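The values are calculated or read from the model by the stated rules, or taken from the named source; none is laboratory data. This one's a predicted model, so the numbers in the text were calculated from it and none came from an experiment. Backbone-built Cβ (ideal geometry, glycine too); neighbour counts: all protein chains shown.
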Amino acid sequence: MFPELIFWFLVWVAIFLLIVIIGNDLFTSLIEHQASYLRLIIDYAPLPSNKSIPSDPEPVSRYLAWALGKNTDPVGCAHIRHTGRIRYGKTGRWMNVRGGAFLSLGTPGFVWHAKIAYLPGIWIDAFDYYVHREAGMNLNLFSVFPLDNAYGDKIKTSSLFWYLASAPLFPMALLPGASLEWKNVSELTARASLMDNDLCAEALVHFDGIGRIQSIEAYHRNPPKSSNPVPGHFIQNFSNYSDVQGYKIPLHLSSDLILPDGEDASIDITITSVEFEISGKKCWGGI
């Protein structure tokens with residue numbers, strides 16, 4: 001009897017491992033599909049033209065002059081890698097996370113993938129994207145079993161906000177233009193509106209006296225005529241600015257977000273590398 005139990009235990013372990021391996025391959029294919037699609041858009045979309053720093057709103061002008069320096073070359077994309085920690089709920093335990101993001105500048109878009117160390121030998125894959133006005137949020141145990149996923153119209157605007165709230169990592173994206181508009185709110189606050197066809201994400205951007213962006217928060221957290229929060233990030237804080245390839249970039253970010261099931265979550269990350277695509281230099285080799 002005992003040898004038979006061992007035999008069936010080993011069979012189930014083998015089946016489980018096979019499911020994990022196949023599921024991991026499928027999950028990786030999903031990420032590569034969205035990243036390749038975004039890469040294709042970048043290759044064929046016109047590069048952002050050289051733009052001058054606006055004189056108004058004053059806090060935006062001060063920030064852009066400080067963050068951009070003398071950089072005027074058009075940039076196609078940014079590739080970011082990070083380490084950090086994440087927790088679910090306001091009192092949940094912190095878990096280590098490591099990942100990366102690929103962001104386009106000619107047209108709003110991003111792909112973000114990270115692995116969360118839940119317990120030794122147990123991991124959760126997180127994968128968010130906004131590509132060609134399609135959006136998704138994914139949390140999968142062992143890359144296979146969906147935990148809390150969302151797609152489609154209800155998260156498109158919050159995903160576009162995620163892109164806007166990450167823009168201090170590639171400050172050239174915050175120059176005003178056809179898709180980005182700034183309005184003054186106060187001496188240290190401005191309102192940003194990012195348009196992508198019929199979608200619009202609005203944010204309040206808070207600056208310090210030096211010119212650095214301290215935080216970006218969603219202007220509208222709840223949809224009209226509803227008290228239900230929209231899944232996605234709703235505030236991002238920035239600190240530890242450093243010179244990266246001539247740009248002033250925050251190397252520490254902390255975010256509060258809403259998961260698809262309405263649960264709060266917090267993420268605290270440290271940027272380990274940033275690459276910009278300039279003059280044909282590819283910045284992406286996978287995330």
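In this structure, does residue 110 turn out to be farther than 21 Å from residue 262 by Cβ and buried (at least 23 other Cβ atoms within 10 Å of the Cβ)? Walk me through it before giving the result.
On the way: farther than 21 Å from residue 262 by Cβ: yes; buried (at least 23 other Cβ atoms within 10 Å of the Cβ): yes.
When the stated conditions are applied, residue 110 passes them.
Please work out if residue 61 is free of Cβ contacts under 8 Å to residues at least 40 places away in the same chain and in contact with a Pro (Cβ under 8 Å, 6 or more places away or on another chain).
Here the answer is yes, as residue 61 does meet what is asked.
Give me a count of the residues in segment 142-189 that are surrounded by fewer than 20 Cβ atoms within 10 Å (Cβ to Cβ), over 19 Å from residue 237 (Cα atoms) and among the small types (Gly, Ala, Ser).
4
Filter segment 22-58 down to residues that are touching a Pro at 6+ places or on another chain (Cβ under 9 Å) and small (Gly, Ala, Ser), then give me how many there are.
The qualifying residues number 1.
So residue 48 fits all but one of (1) surrounded by 15 or more Cβ atoms within 10 Å (Cβ to Cβ); (2) modelled with pLDDT of 85 or more; what number is the exception?
All conditions are met except number (2).
If you take the residues in segment 75-97 that are hydroxyl-bearing (Ser, Thr, Tyr) and in a strand (DSSP E or B), which one is farthest from residue 198 (Cα to Cα)?
Checking each candidate, the answer is 83.
Could you check, for segment 116-130, whether at least one of its residues is buried (at least 18 other Cβ atoms within 10 Å of the Cβ) and within 19 Å of residue 173 (Cα to Cα)?
yes
Which ones in segment 75-123 are among the aliphatic types (A, V, I, L, M) and in contact with a Leu (Cβ under 7 Å, 6 or more places away or on another chain)?
Residues of segment 75-123 among the aliphatic types (A, V, I, L, M): 75, 78, 80, 86, 95, 97, 101, 103, 105, 111, 114, 116-117, 119, 122.
Those that are among the aliphatic types (A, V, I, L, M) and in contact with a Leu (Cβ under 7 Å, 6 or more places away or on another chain): 75, 78, 80, 111.
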